[in-house]
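Structure record follows, encoded as structure tokens.
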Amino acid sequence: MSSDEFDPMIERLFSRSPQMADAPLFAAGVEARLKSSSRVRTVALTVAGLVGGVIAVRESTAVDFTLSDAEAPVAGRAIGQGLEAASLSVQSAAQSGLQTFGLADVSLGSLGGMQLFWLCAGALIALAAAGVMKLSQEV
Amino acid sequence: MAQSLLDRHDVELAALAAAGGRREFGELVRRHSSAVRALLRRMGAQPSEADDVAQDAFLQAFEKCAEFRGEGTFAGWVKRIAARLYLKRKAKDSRYVAELEPEQGESVTPQDAAGRVDLDEALNSLSEIERLCVSLCHGAGLSHAEIASAMNLPLGTVKSHVKRGLDKLRARLSPDGERSGRAAHVV
């Protein structure tokens with residue numbers, strides 16, 4: 001048999017493969033792994049969102065909108081007072097919300113808000129870098 | 001009425017899977033898993049290993065589904081992913097580095113009485129490296145250069161493995177395969 005005849009024949013033979021008896025079982029296994037990986041991703045995103053939200057709310061309760069008389073003109077003072085009032089009401093609402101979830105007294109150690117923010121950002125960047133490394137190895 | 005999954009074309013299902021459709025992707029897996037698993041076994045993987053790699057390949061295919069544009073077949077696309085994953089796994093074992101020389105004195109497996117062409121049996125007569133190169137080239141559709149790069153082998157070595165493997169397969173699979181197969185051993 002010449003190579004011209006044989007090469008297409010071998011390609012045809014390779015493209016033919018019998019349907020395996022356990023194909024549905026295999027497909028179910030793949031679907032289960034897909035489901036579990038998407039669940040892990042959802043949980044991770046939810047946790048990250050919750051942590052970020054809690055930090056943001058705690059930080060917002062500490063914002064001070066008070067403007068001194070010397071620094072602000074009349075209109076600015078009016079805006080400042082409005083913001084102060086709004087901030088106070090948001091603070092009390094947020095505080096009661098945190099109390100409801102038992103998070104009002106959560107202590108994040110001696111770290112300040114910005115330090116925590118940069119820590120979280122660093123961790124996320126490290127995670128992203130690890131992901132990129134893994135992807136580059138797989139491709 | 002919504003179109004049944006069974007009626008949809010692979011490209012359509014892949015597009016829906018790329019948008020997060022797990023059911024659609026499941027249908028693609030049902031359609032093509034046997035071909036992918038068979039290729040991995042033909043490459044020399046044990047059945048359980050072949051299934052592991054095939055699963056990983058399908059998971060990776062789901063992640064990259066948006067990259068499939070229907071230029072080739074979906075099965076061919078996943079086969080290439082699976083072949084590369086298998087090679088990566090083998091490279092970790094670094095088994096094929098030590099197996100560059102073809103094995104000598106392989107047993108001759110006769111074709112069955114009806115003369116049925118049995119690729120899987122014929123592949124058993126090849127050395128592991130020949131089998132891998134031939135399967136990658138003709139089963140997964142990788143070029144010689146791609147195989148050389150993936151296996152970290154010189155291009156010429158890959159070409160000679162493919163050629164030697166095909167010569168052996170031709171000897172087995174051609175109508176007078178038995179005689180030519182034996183003649184090859186005598187020479």
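The values are calculated or read from the model by the stated rules, or taken from the named source; none is laboratory data. On a predicted model such as this, the values are computed, not experimentally measured, just so you know. Quick reminder, even Gly has a Cβ in these numbers, built from the backbone with ideal geometry, and neighbours come from all protein chains shown.
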Output for the range B:139-148, where each listed residue is surrounded by 16 or more Cβ atoms within 10 Å (Cβ to Cβ) and not β-branched (Val, Ile, Thr): B:Gly139, B:Ala140, B:Gly141, B:Leu142, B:His144, B:Glu146, B:Ala148
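Every residue in the range A:1-34 that is over 26 Å from B:Cys133 (Cα atoms) and within 7 Å of chain B (Cβ to nearest Cβ), please.
In the first step, residues of the range A:1-34 are kept if they are over 26 Å from B:Cys133 (Cα atoms); the result is A:21-34.
If the condition is that a residue be over 26 Å from B:Cys133 (Cα atoms) and within 7 Å of chain B (Cβ to nearest Cβ), then A:Ala23, A:Pro24, A:Phe26, A:Ala27, A:Gly29, A:Val30, A:Glu31, A:Arg33, A:Leu34 are the ones that fit.
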A:Gly49 meets each of (1) more than 30 Å from B:Phe62 (Cβ to Cβ); (2) at pLDDT 80 or above with one exception, condition (1)
Within the range A:2-44, considering residues that are more than 22 Å from B:Gly141 (Cα to Cα) and either more than 43 Å from the chain's Cα centre (by Cα) or among the basic types (Lys, Arg) (or both), the one modelled with the highest pLDDT: A:Arg33
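From the list A:Val47, A:Val40, A:Val30, A:Val54, pick out the single residue that is part of a helix (DSSP H, G or I), among the β-branched types (Val, Ile, Thr) and in contact (Cβ under 8 Å) with a residue 40 or more places away in the chain. Full working, then the answer.
Details: A:Val47 fails: in contact (Cβ under 8 Å) with a residue 40 or more places away in the chain; A:Val40 fails: in contact (Cβ under 8 Å) with a residue 40 or more places away in the chain; A:Val30 fails: in contact (Cβ under 8 Å) with a residue 40 or more places away in the chain.
Checking each option against the conditions leaves just A:Val54.
Looking at the range B:16-34, which of its residues are within 8 Å of chain A (Cβ to nearest Cβ) and closer than 16 Å to A:Leu25 by Cβ? Outline the logic, then answer.
Step one: list which residues in the range B:16-34 are within 8 Å of chain A (Cβ to nearest Cβ), which gives B:22, B:25-26, B:29-30, B:33-34.
Scanning the range B:16-34 gives B:Gly26, B:Val29, B:Arg30, B:Ser33, B:Ser34.
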Out of the residues in the range A:98-117 that are closer than 14 Å to A:Glu59 by Cα and assigned to a helix (DSSP H, G or I), which is modelled with the highest pLDDT? A:Phe117
Among all residue pairs at least 6 apart or on different chains, which show Cβ distances below 9 Å where the first residue, located in the range B:149-166, is touching a residue at least 60 places away in the same chain (Cβ under 8 Å) and surrounded by fewer than 18 Cβ atoms within 10 Å (Cβ to Cβ) and the second is part of a helix (DSSP H, G or I) and charged (D, E, K, R)? B:Arg164/B:Glu130
